[in-house]
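The values are calculated or read from the model by the stated rules, or taken from the named source; none is laboratory data. If you're wondering where the values come from, they're calculated on a predicted model, not measured in any experiment. Here Cβ is always computed from backbone atoms with ideal geometry, including for glycine, and neighbour counts include all displayed protein chains. Ligands, DNA and RNA are excluded from the accessible area calculation, which covers all protein heavy atoms including side chains. Shrake-Rupley method; radii C 1.70, N 1.55, O 1.52, S 1.80 Å.
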Amino acid sequence: MHIPARLRSSTARFFALVFILQLISGTSLLLFVRHNIGDELERNSRTLVSALRDDLVADYAQEGSKGLRDLIAARLAGPGSRDAAVLLDDPVGNHLAGNIEDWPPPIPLNSGWQVVTLYRVGRAVPEQMGVIATKLPDNTHLLVGHVIEDDLRVRRQTGEAMIAALLLAVPLALLGAIVATRVITVRVEGIAETARRVGMGELSLRVPVDPGVRDSFADLSGTINLMLGRIETLVTELRVVTDSLAHDLRSPLTRLSATIDRATRETDDETALAALERVGSEAETLLQMLTAALQISRTEAGIGRDRFVPTDLGQMIEDLVEVYGPLAEERGYTLSASGRAQAVVHRELVGQALANLVDNAMKYGRSGGMIRLSVEENIDAITLAVDDDGPGIPVDSRAEALRRFGRLDPARQPGGAGLGLALVAAVAHLHGGSVELADNAPGLSVRLVLPGVEREE
């Protein structure tokens, strides 16, 4: 049996636990009250019967059997005898006094409290009563009882009230479970939202902490804030290091390129010119790799979210088609763009990611084929796609293609560095999205999915 993931979540389990515990607690309390009421009613009836029996036995001791018969008649005629039941029989079972005609067969002649159903004299229907049987010294038999019909009625009413209370307890337990779950969920969602926004680049955010409250959530929030502070410090240091590294490495590489250019202009030796050309190309490739690697590191660290701006993504892909159009035409490709969407994104990084995808499509696509750029806006995400008609990437190699410096066929394009798709993945991560590699039948479809990005109205 398949259980939906939502019902298997921790929130659903917590809700069910609170609901069940409240029902168990309420049911246990009601059963306890009903049991105590029943015990108290029975205790009162036993006390009444025992007191009446003791009074009659005491009168027998003083007045004898004749006096006891007279006393029984007087007691049953009195104002407090509405629920009383008394029978006095002689040793052979003949009725001597009382409002019960015959000795009930199930009752021993000398027994403690029992509940039986008997007819009283002058009553048309039997009644349930609690009785005590006593054998007197002259072998006469005394049966003293108290009608418990009212007690049983109270018990039934108590049971009905308990069922009604349980029916009322179900929605109350549901409400209590909802409130308890909501209280916990709000606290957890607040922590999760802070973590999400920090992951998106807002490194200065912290989980709100009430200094007057000391509980597990306060401890958790404090610990997370310490971690976030450490992360902010490390990312800040990374920014400083990468900026310094970029400057320190780019400067000598730039000087090296300038020296190679000057040497190329000053020499006429064909062999030297060819060597200088190769060195210059490698220096340019190294500079591009350095720039791309640093850009990926900064993007993966969340640096750049403060540069998100409202962007017309449809216009962006049309501009890319216009920029790459002449080069694509020269290489035999046809570029097209379709779709409209507005979003708040890092314009430069998204543009660079799409440019990398277009470059890859022209490197590995089928000569004379189509390269299609598109943007599609759904309810919860915006998808930017670049499709080509090339050989595509096997399913088992797609994870490697997204890895930094991952190259599936280095011999096919020796000029590549394996950073193009890695930068696309880093840009997607910066926006809280992902990169999907899919079959274009034929070819490859690279989709940059940006879920939850802000829309520009």
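Here are a few things to note about the model shown:
- Principal-axis tilt of helix 270-300 within the chain, Cα atoms, nearest 10 degrees: 20 degrees
- DSSP-assigned coil residues among trypsin sites (Lys or Arg not before Pro) in the range 131-217, each with at most 10 further Cβ atoms within 10 Å: R214
- Restricting the range 314-398 to trypsin sites (Lys or Arg not before Pro) that sit in a DSSP loop and have at most 16 other Cβ atoms within 10 Å of their own Cβ leaves R340, R366.
- Between the C-alpha center of the range 166-218 and that of the range 349-380 there is a gap of 42 Å.
- Area of M227 that stays accessible when all protein chains are in place (1.4 Å probe, Å², to 10): 100 Å²
- The range 123-163 versus the range 4-79: alpha-carbon centroid distance in Å: 13 Å
- The share of Cα pairs per 20 Å bin across the chain, counted from zero up to the longest distance, runs 16, 27, 16, 11, 13, 11, 4, 0 percent.
- Rounded to 10°, Cα long-axis angle of helix 420-430 versus longest principal axis of the chain: 40 degrees
- Helix 216-266 axis versus longest C-alpha principal axis of the chain: approximately 10°, rounded to the nearest ten.
- The mean sequence distance of close C-alpha pairs (under 8 Å, at least 6 residues apart), as a share of the length of the range 82-230, puts its relative contact order at 15 percent.
- Filtered trypsin sites (Lys or Arg not before Pro), the range 16-96: DSSP coil and at most 11 other beta carbons within 10 Å: R82
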